[in-house]
Amino acid sequence: EKGGFPSFMEKEIFDQPAAVADTLLGRSDAEGRLTLDELRIDADDLTKINKIVVLACGTSAYAGQVAKYAIESWCRIPVEVELSHEFRYREPIVDKKTLIVSISQSGETMDTLMAVRYAKEQGAKTMSICNTNGSTIPRESDAVLYTHAGPEIAVASTKAFLAQITATYLLGLYLAQLRGNLFSGQIKDILADLGKIPAKIQDILDRSGEIKELARSMADASSVLFLGRHVGYPVAMEGALKLKEIAYIHAEGFAAGELKHGPIALIDDGQPVFVVVPSPRGRDSLHAKVVSNIQEVRARGAKTLVIAEDGDDAVKDFSEFVFYVPETPTLLMPLLATVPLQIFACELATAKGFDVDQPRNLAKSVTVE
Ligand code: M6R
């Protein structure tokens with residue numbers, strides 16, 4: 001059932017073109033209009049919301065952080081992303097104009113379920129983005145937008161993450177359509193770019209040998225840092241989480257701009273640092289800022305491992321290793337840039353002889369608080 005792959009995790013990484021394509025399938029029409037009638041929340045109510053709060057844990061919370069950039073940019077609605085277990089224990093301000101979007105692969109995560117129940121009691125509208133049909137969180141929510149990643153067996157989440165990001169983009173575009181924040185042509189163009197993502201992920205998978213070789217050469221690493229800015233920041237944190245949970249290596253993801261506020265003190269000779277570089281075609285200063293962050297850590301001895309967009313020659317001189325991902329608009333970049341980091345963690349953990357599907361101390365669904 002592993003389809004010839006050595007682990008479920010690797011199989012699921014390779015399932016990602018389908019996970020994204022299937023999550024997009026049937027959710028827009030030929031004219032490029034979103035058709036999310038399945039949502040069951042009154043369109044009128046959705047046009048009235050004045051805030052979105054995303055509730056999730058772990059990898060699903062990083063999907064929420066990616067969503068924040070896209071939804072705020074497309075819909076001009078404030079989006080807060082909060083870990084479910086933190087949300088519940090303060091006195092969060094939510095009311096009937098708040099849309100709660102919970103994100104959960106399993107639909108059974110107790111922390112998220114309790115947070116959704118709490119928000120519902122406060123009168124908020126609740127929507128679930130979930131990968132498991134009929135599970136508890138979607139059953140208790142006002143609406144559900146299923147991700148169609150198929151069953152995820154490996155404890156470390158991979159294909160569910162890309163499917164969750166895809167679903168939040170659909171939600172963002174749908175809200176923009178309802179509320180008139182984007183022109184129909186803009187929505188159509190973004191949907192067309194999303195439609196090209198599965199083939200681009202496949203291109204990355206076809207070149208997985210490059211990243212696997214790097215991973216095998218780093219089996220002795222004792223600490224790996226990950227830097228990103230903008231949507232690259234949650235990608236960096238997700239890359240670090242994958243390495244912690246399956247390879248048991250100390251790993252941390254940072255916002256690249258935060259370096260000089262502390263973390264740069266960690267850098268000394270040979271410290272591996274992954275840097276997720278935004279498109280050079282994107283927002284003006286973003287790319288240049290990250291390139292200068294690469295130079296800063298490199299000057300202090302870091303081994304710089306760079307994920308950059310095809311054709312980005314500016315990073316070459318400052319990198320020990322560069323993995324190129326196909327061009328795509330900046331907001332969609334996490335769907336590509338995450339993939340080499342997943343492959344890296346999976347291969348490194350495998351090289352160390354660990355069971356990547358069943359890492360120590362972890363369960364697939366965390367049904368206790
Ligand atoms: O089933 P959920 O998406 O609610 O699970 C949330 C987290 O427990 C989960 O993403 C966890 O962090 C994974 N082990 C990450 O790979």
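The values are calculated or read from the model by the stated rules, or taken from the named source; none is laboratory data. Here the structure is a predicted model, which is why all the values come from computation and not from measurement. Because the Cβ atoms are built from the backbone with ideal geometry, glycine has one as well, and the counts that use them run over all protein chains shown. Areas reflect the complete protein model, heavy atoms only, side chains present, ligands, DNA and RNA absent. Shrake-Rupley method; radii C 1.70, N 1.55, O 1.52, S 1.80 Å.
Key figures for this structure:
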quantity: In region 129-143, the residues that are in contact with a strand residue (DSSP E or B) (Cβ under 8 Å, 6 or more places away or on another chain) and either free of Cβ contacts under 8 Å to residues at least 24 places away in the same chain or more than 10 Å from the ligand (Cβ to nearest atom) (or both); calculated: 133, 138, 140, 141, 142, 143
quantity: Enumeration of residues in region 324-353 that are open to solvent by 10 Å² or more (accessible area, probe 1.4 Å) and either in a loop (DSSP other than H, G, I, E, B) or in contact with a Pro (Cβ under 6 Å, 6 or more places away or on another chain) (or both); calculated: 326, 327, 329, 330, 333, 352, 353
quantity: Cβ pairs under 6 Å, 6+ apart, first in region 357-369 and more than 8 Å from residue 109 (Cα to Cα) and at pLDDT 85 or above, second small (Gly, Ala, Ser) and more than 10 Å from the ligand (Cβ to nearest atom); calculated: 357/7
quantity: Residue tally, condition in a helix (DSSP H, G or I) and crowded, with 24+ Cβ neighbours inside 10 Å, over region 267-292; calculated: 1
quantity: Odd one out for residue 119, checked against (1) open to solvent by 50 Å² or more (accessible area, probe 1.4 Å); (2) part of a helix (DSSP H, G or I); calculated: (1)
quantity: Criterion (part of a loop (DSSP other than H, G, I, E, B), crowded, with 22+ Cβ neighbours inside 10 Å and over 18 Å from the mean Cα position of the chain (by Cα)) met by exactly one of 366, 356; calculated: 356
quantity: Whichever residue in region 304-323 is assigned to a strand (DSSP E or B) and buried (at least 19 other Cβ atoms within 10 Å of the Cβ) and, among such residues, is farthest from the chain's Cα centre (by Cα); calculated: 304
quantity: Of all residues making up region 51-110, the number that are within 16 Å of the ligand (Cβ to nearest atom) and either part of a helix (DSSP H, G or I) or touching a helix residue (DSSP H, G or I) at 6+ places or on another chain (Cβ under 6 Å) (or both); calculated: 29
quantity: Only listed residue being of a type outside the set (Phe, Trp, Tyr) and out of contact with any Asp or Glu (no Cβ under 6 Å at 6 or more places or on another chain), chosen from 160, 149, 156; calculated: 149
quantity: Pair list, Cβ < 6 Å and 6+ apart or interchain, from region 188-212 residues that are farther than 22 Å from residue 345 by Cα to residues that are of a type outside the set (Lys, Arg) and open to solvent by 40 Å² or more (accessible area, probe 1.4 Å); calculated: 191/28; 193/329
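Results for (1) open to solvent by less than 40 Å² (accessible area, probe 1.4 Å); (2) among the acidic types (Asp, Glu), shown as yes or no for each residue.
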| site | (1), (2) |
| --- | --- |
| 166 | yes, no |
| 171 | yes, no |
| 174 | yes, no |
| 177 | yes, no |
| 181 | no, no |
| 189 | no, yes |
| 202 | no, no |
| 207 | no, no |
